[in-house]
1. Can you tell me the length gained on complete extension of the stretch residue 137 to residue 51, counting 0.36 nm per residue apart and subtracting the Cα distance?
2. Say the cut-off is 32 Å between C-alpha atoms; which of 38/163; 143/216; 96/146; 36/141 go over it?
3. Which number do you get for Rg(Cα) / (2.2 N^0.38 Å) in the range 175-214?
4. Provide, for q = 0.11, 0.17, 0.21 Å⁻¹, the log10 of I(q)/I(0) from a solvent-free Debye sum over equal Cα point scatterers in the range 117-232.
5. Using only alpha carbons, build the gyration tensor for the chain and give me the equivalent ellipsoid semi-axes, biggest first, whole Å.
6. Please report, to two decimal places, log10 I(q)/I(0) for the range 38-101 at q = 0.29 Å⁻¹ as given by the Debye formula with identical point scatterers on the Cα atoms and no solvent.
7. I'd like the antiparallel share, as a percent to the nearest 5, of DSSP beta bridges with both residues in the chain.
8. Taking the simple approach of a point 7 Å from Cα along Cα-to-Cβ for both residue 186 and residue 216, what is their distance in nm?
Amino acid sequence: MTEPRRSRATEAFFGRRKGKPLRERQAAHLETILPKLKFDLGTPAPQDMKSLFPEPVDRVRLEIGFGGGEHLIHRAAENPSTGFIGVEPFVNSMAKLIGQIEEKGVSNIRLYNDDATQVLDWMPAACVDQIDLLYPDPWPKRKHWKRRFVSSVNLDRFARVLKPGGLFCFASDIDTYVNWTLLHCRDHSAFEWTAEQASDWLTPYEGWPSTRYEAKARREGRSSAYLTFRRV
């Protein structure tokens with residue numbers, strides 16, 4: 001009997017793939033540098049994901065939908081002993097991050113430019129120390145909530161690849177998505193919310209670099225929540 005195909009709750013990637021035309025240098029980066037940093041899902045995943053990185057690393061951290069890349073490049077530069085996997089299907093965001101990788105000369109980032117569920121299903125079990133999902137598309141209309149990345153299916157994926165004691169960190173300025181995530185993680189046996197008091201989820205993560213999404217939220221009068229869940 002064949003095993004049922006694992007799927008995202010929505011069965012599809014939703015969102016734009018490309019925005020305004022790339023500058024010549026950005027296009028060149030995608031042609032010459034991305035192939036060196038991207039891993040091939042057509043080959044079997046290594047049993048130890050740390051082997052993906054050219055220099056020895058102690059931990060592996062996955063960021064899903066890194067947007068402008070401010071957070072990912074900041075964390076990679078301050079934590080050279082951690083290997084970072086960044087997943088972002090939006091072409092312009094990928095080009096922007098690659099430019100920053102070249103400028104800062106960091107070597108502890110590997111990339112994938114398609115749907116994160118493909119990476120999660122490719123990875124071996126219990127191979128990641130932390131997953132970051134920061135300011136994901138909130139799909140604010142109720143009819144679109146099923147498109148949100150946080151779902152029981154994707155939490156199953158997170159639970160499979162996270163090491164015991166590993167962390168799932170979620171940040172958003174959209175109250176309905178914050179509540180949605182709290183409820184989904186509450187109902188999933190593999191996760192426990194680490195907050196003990198309000199300041200634990202109202203205070204940005206240690207060493208947090210403000211992102212353009214966060215700055216926009218504050219300009220528009222919205223506060224952010226920073227949720228941390230532990231893989232039990």
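1. On the way: separation 86, 0.36 × 86 = 30.96 nm, distance 3.11 nm.
Taking 0.36 nm per residue and subtracting the Cα distance, the gain is 27.9 nm.
2. Going by Cα-Cα distance, 36/141 fall outside the 32 Å limit.
3. Working: Rg = 12.2 Å, N = 40, 2.2 N^0.38 = 8.9 Å.
That works out to 1.37 for the range 175-214.
4. So the normalised log intensities are -0.36, -0.87, -1.27.
5. On the way: eigenvalues 128, 97, 72 Å².
Equivalent ellipsoid semi-axes, largest first: 25, 22, 19 Å.
6. -1.31
7. Values: 9 of 29 bridges.
Bridges in the chain are about 30 percent antiparallel.
8. According to this spin-label approximation, the distance is 3.0 nm.
Every number here is computed from the coordinates shown, using simple stated rules; none is lab data. The shown structure was predicted, so the numbers you read here are calculated from the model rather than taken from an experiment. FYI the Cβ positions are ideal-geometry reconstructions off the backbone, even for glycines, and counts take in every protein chain you see.
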